[in-house]
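Asker: The structure follows.
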Amino acid sequence: MENPHKEKPLSCSAFSSLVNEQLFATAPKTDVWILIEHPSPPGQKALEESSIPEDVKAYLLNCQKIIPASRVLLIRQNKPLLNNELMVFIGITTIEPPRLYAYHLTNYLDLVELDIPLLASGTKQDDKHLYKEPLFLICTNSKRDPCCAQWGSAVFNAVTKFAGDQVWQTSHVGGHRFAANLICLPHGIYCGHVRPDSAIDLIKSYQRRTIDMEFYRGRANYPPEVQAAEYFLGQQSVPYNIDAFLLTENRRGAENQWIITFRSKVDRNHYEIIVSAKTSDFLNYESCSTPDKRSSRLQYNLEGWSLK
């Protein structure tokens, strides 16, 4: 029998904040975003447990398999489908500039007519369906973790009043312990530990093509060490313009050390940033459902930077 006096563990989000775990360099690698409108709240395995026809599920799962670093998410808003049409967005963050396409479909079977792998490759550009506004995703997947339900829902309600149809609830995006998670597309920038009082400012900032590094988890098409380097670069340039720099080199230095170079699109200067990583002294858990499964985390340090 469970001890009723046993102290309840902190939520994974609260514990992450308590131990001062770094937010930056934690965005899961994602180059291609496949976003499918589905009006029902997602299950633990969102796509597999959805009412989407089985052959369409198979097509989407195959896309996720053959397209490197791709992610299929179910998205929704708290309102009926408009004209019984489904919204589908395809985001590609690895091309310059990143692109986001929007499609109005009459049913899920139309999805198999979209050549998502060809779009994802960047060899085909569908300018007719180019979505020119920012898109904001907020994870509210309660079946994956209660932190996402608690903080994600509160943030979604706050920002919907401001940004309207540009804001969508989404299935699991990775990182329960950083809830609420906000993703800014088309760049694929993750923000974490977002709260209703900070969310609107973050959206306003992204609409101005800047980002507040206090909430920055990373740019998802970058590996963790480059996300860390961009975080440190952002601290040198406040406000940080998300379009101002181009990654030109990522090479290994000493053990657990990387030398990252960005080129400024404004003055053509090169910024060389040296970062290192070591395992944390604290042990953290991934989810509220696994408080006893704790492990250390890589934490990144700035070793130096120079202007070339």
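Asker: Can you put ASP197, ASP126 in order of Cβ neighbours within 10 angstrom, beginning with the fewest?
Answerer: By the 10 Å Cβ count, ascending: ASP197, ASP126.
Asker: Could you work out the Rg to Rh ratio of segment 182-258, with Rh taken as the Kirkwood radius (inverse of the mean 1/r over all Cα pairs)?
Answerer: We get a ratio of 0.99 for segment 182-258.
Asker: Right, another one. Give the relative contact order (percent, whole number) for the chain; include only Cα pairs under 8 Å separated by 6+ residues.
Answerer: 18 percent
Asker: Could you check how many percent of all C-alpha pairs in segment 11-222 are farther apart than 26 Å?
Answerer: 29 percent
Asker: Let me ask something additional. Using Cβ contacts closer than 10 Å as the measure, can you line up ARG208, ARG99 from fewest to most?
Answerer: ARG208, ARG99
Asker: Another question, if that's okay. How fast does segment 205-308 diffuse by Stokes-Einstein, in µm²/s, taking the Kirkwood radius from C-alpha pairs at 10 °C and 1.306 mPa s?
Answerer: 106 µm²/s
Asker: Rounded to the nearest Å, what's the spacing between the alpha carbon centres of segment 88-164 and segment 16-62? Just the number, please.
Answerer: 11 Å
Asker: Compute the length gained on full extension between THR94 and LEU109: take 0.36 nm times their separation in residues and subtract their Cα-Cα distance, giving the result in nm to one decimal.
Answerer: Extra length available between THR94 and LEU109 comes to 2.6 nm.
Asker: Let me ask you something else. Given LYS45/LYS65; LYS65/LYS293; LYS79/LYS128, which pairs have Cα atoms separated by over 19 Å? Spell out each step's value before the answer.
Answerer: Working: LYS45/LYS65 16 Å; LYS65/LYS293 29 Å; LYS79/LYS128 26 Å.
From LYS45/LYS65; LYS65/LYS293; LYS79/LYS128, over 19 Å: LYS65/LYS293; LYS79/LYS128.
Asker: Something else: Checking a compactness column here: for segment 1-116, what do you get for Rg(Cα) / (2.2 N^0.38 Å), N being the number of residues?
Answerer: Rg over 2.2 N^0.38 Å, computed on Cα atoms: 1.39.
Asker: So what is the calculated 222 nm ellipticity per residue for the chain, using -39500 (n - 2.57) for each DSSP H run with n of 4 or more, over all residues, to the nearest 500 deg cm²/dmol?
Answerer: About -6000 deg cm²/dmol.
Asker: Turning to a different aspect of this structure: Could you list VAL88, VAL56, VAL194, VAL112 in order of exposure, starting from the residue whose Cβ has the fewest other Cβ atoms within 10 Å?
Answerer: Ascending Cβ contact count within 10 Å gives the list VAL112, VAL56, VAL88, VAL194.
Asker: Shifting gears a bit: Over segment 133-201, what relative contact order in percent results from Cα pairs under 8 Å that are six or more residues apart?
Answerer: 40 percent.
Asker: Can you compute the FRET efficiency between LYS143 and LEU283 using 1/(1 + (r/R0)^6), with r the Cβ-Cβ distance and R0 = 22 Å? Round to the nearest 0.05.
Answerer: 0.30
We did not get these values from a lab; they are worked out from the coordinates using the rules stated. Please read all numbers here as calculations on a predicted model, not as lab measurements. All Cβ positions, glycine included, derive from the backbone under ideal geometry; neighbour counts span all protein chains shown.
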